[in-house]
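Just so it is clear, none of the values below were taken in a lab; they were calculated from the coordinates. Since we're looking at a predicted model, the values are computed, not measured. With ideal geometry, Cβ positions are generated from the backbone for all residues, glycine too; neighbour counts draw on all protein chains shown.
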Amino acid sequence: MTKQILLAGVVGLAFAAASAAQAQSIDYGSLQTLFGEPVTTSATGTPQRSSEAPVDMTIITADDIKRSGATDLPTILSRVPGIDILNWSATQSDVSVNGYNSVDSSRLLVMINGREVYLSDFGYTAWENLPVQLSEIRQIEVVRGPNSALFGFNAVGGVINIITFNPKYDDVSGFDVHGGTQSSVGGSLLQTLHLGDRIATRLSAGAERQDQWTNSTAASQPWNARAAVDTVVTLGPKTDLRLEGSYARSADDELTPLGSFAQSLYITKSARATLASDTSFGAIQAQAYINNLQDEADSLDVKNQEIVASLQDLFKLDARNTFRVALEYRSTREDVAPTTNSAHISYSVWSPSAMWNFAATSRLSFTAAGRVDALSLQRTGLFPALIPQIDSDWNRSFAAFSANLGAVYKLTSEDTLRAAFARGVQVPTLVEYGALSSVRNPGPPPGGLALAGNPSLAPTIVTNYELSEDHALTRLHALIGVKVFYQQNSGILGKWDFAAPSVPGSATTVPLAEFDKVSDSDLVGFSLTASGKIAGGFHWSADTTYTNVVDQPYRGVDLVTRNVAFAKTTPKFRGNAAAGWSDSRWAVDGFLHYVSDSSEYNLAGTLAPEPAYATLGGRVGYKISDGLDVALSGQNLGTNHQLQGQPGNLLAERKVLVSVSKSW
């Protein structure tokens, strides 16, 4: 009854307060034409330039993606200020914002058209498994910092919001094929169809295959295949129904949080329905989606399902005040491995949220948002023998609050100031709560050791303060920016410590190695950016980001053993430089990415030096005729083999590709 009352209250508040509605347009092409540059509606629901949004955002356009010469998203993201990439194998990467990266990092919320695509079992993103073709992406919004209140569940480190072309407005069709070194071969196909005046749909499919990076233990040939359908049905002049479905399958030898490589086969399926309507009460949106994951890693068979439903209303009280109220429900369930189909762990979350955007003057705007995640945890089924836990240990719940505050001030026509405060909530993953539960090195109690979940875990809280300025050099057609930020991380979770179990054994049970809160951590940093255009078709950009992490381990905790020694594993500097030129036929682009030295975990679970490195990429493209292009591109061009992940193991290899693309 309480849940129904909460839902009615949120919706009733929107209806009672709204006196005028503002359309929430999804025609990004028209918005880009109107603003003269890419725009976002993700932060506040209203069109904004990225420089005017209340969050720290970079927009990667479809043209940026094409001219990158890359065939994977992590390479494209590595060229964004403040983004850290750890490349473990030919297709496995972890992405983070301003440090705190690790194997299967769970600090980043990744979405495709608002649907979460990070995998909720361990909270990470299998980038090679995402069911999206690069050629169907309109833009990628990269948001830095904790933004749970504005963007959603677990957006604590940052957000990657992938927005595809809308079949109602964008007639995007074509194919691309490419091949090159490492036995690389791949391609994709898109077709947009208009079925009468009311139905528009886009079908997409693609596949990739290549050799694994050379080493002595992993010799597989990673591959992936993916397909999706995106359909918009116009139900009325102001009402649309968007239906999306996807399927992806990928295989690789991947590094696991246990510190070893395992043969993995990911199978993901999704379906989503979104109903959007402009009414006299505001722009109302209702949506529901389901994500299914099957992860076959060696002897494990992980099955995870997530269902999310939400209702929101975006409305204006007057020309200066815009509000958004929403209620979201999610249910996440996973079979406990290795006792598959005999034990299950799950949680449900109710999340009311609200946002207020106030245009105080033509120069000053203010945004405030808040969100509450009320989580209920549950477990049912068998336990491995000798583990001293019972299902009722998981009968617990908690509520956590996240907030975003942002002020943007147009100091002059060339200077924009932004100040932001954010409090994000990182909920423990299903694995940390107990989706993996097994006895290792069995022996007579109190000997042996059990790998177990910890039902008492509370969220990690991430608090961020930021101040930035962007200055336009109008005469030089350039933009420079400076940003300083300070972040506090409270209650960081560390992985199992097999040498120091959390729960001692007894005469009838084995010791338990659990996830646990092991430290706090502070980060301070700054970022410098510059970009511009020069007459004759030239463009350029450069950036550098500095971060300094200070860990504060709890008494008696070894952060290295717990795999969260972020002060040692986070590089101090990362940066990029890019330049390009184009005319009616040719397009030439070059990219330099630099990362300073740090440390990283090797297969023995100890830290080893990670030398500083620089990568060089480039693309030369030629337009044969309208819609037909050929290109030569390359990544890691500076060396045959380079360490970009785990010391002493797989090394990134030089990659050169020839591609042909055709659009119609």
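Results, tabulated for the structure shown:
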| quantity | calculated |
| --- | --- |
| Extent along principal axes [Cα atoms of region 197-328; Å; largest to smallest] | 65, 35, 27 |
| Whole-number D in µm²/s for the chain (Stokes-Einstein; Kirkwood sum over Cα pairs; 10 °C, 1.306 mPa s) | 62 µm²/s |
| Cβ-Cβ FRET estimate between Ala608 and Thr61, R0 fixed at 25 Å, reported to 0.05 | 0.05 |
| Largest-first principal axis extents, alpha carbons of region 76-216, Å | 50, 44, 29 |
| Length gained when the stretch Asp211-His539 is fully extended (0.36 nm per residue, less Cα-Cα span) | 114.6 nm |
| Charge tally in the Cβ shell below 11 Å around Gly381, where Lys, Arg are +1 and Asp, Glu are -1, Gly381 excluded | -1 |
| Residue order, fewest to most surrounding Cβ atoms within 10 angstrom, among Met111, Met355 | Met111, Met355 |
| Extended-chain gain in nm, criterion 0.36 nm per residue less alpha-carbon gap, Leu417 and Phe401 | 3.1 nm |
| Contour minus Cα-Cα distance for Val524 and Leu203 (0.36 nm per residue) | 111.1 nm |
| Cα gyration tensor shape for region 559-664, rounded if a/c is under 1.5, else prolate or oblate | prolate |
| Leu467/Asp597 FRET efficiency (R0 30 Å; Cβ-Cβ; nearest 0.05) | 0.60 |
| Where N is the number of residues in region 130-172, Cα Rg divided by 2.2 N^0.38 Å | 1.38 |
| Mean separation of Cα contacts under 8 Å, 6 or more apart, over the residue count of region 163-272: relative contact order % | 18 percent |
| Cleavage-rule hits, chymotrypsin sites (Phe, Trp or Tyr not before Pro), region 261-290, DSSP coil, Cβ neighbours within 10 Å at most 14 | none |
| Region 2-663 - percent relative contact order, Cα under 8 Å, separation 6 or more | 12 percent |
| Across Lys269/Lys495; Lys66/Lys269; Lys238/Lys316, pairs whose alpha-carbon gap is larger than 20 Å | Lys269/Lys495; Lys66/Lys269 |
| Relative exposure of Thr268, Thr41, Thr33, judged by other C-beta atoms within 10 Å (fewest first) | Thr33, Thr41, Thr268 |
| Radius ratio Rg over Rh of region 394-493, counting only Cα atoms, Kirkwood formula for Rh | 1.30 |
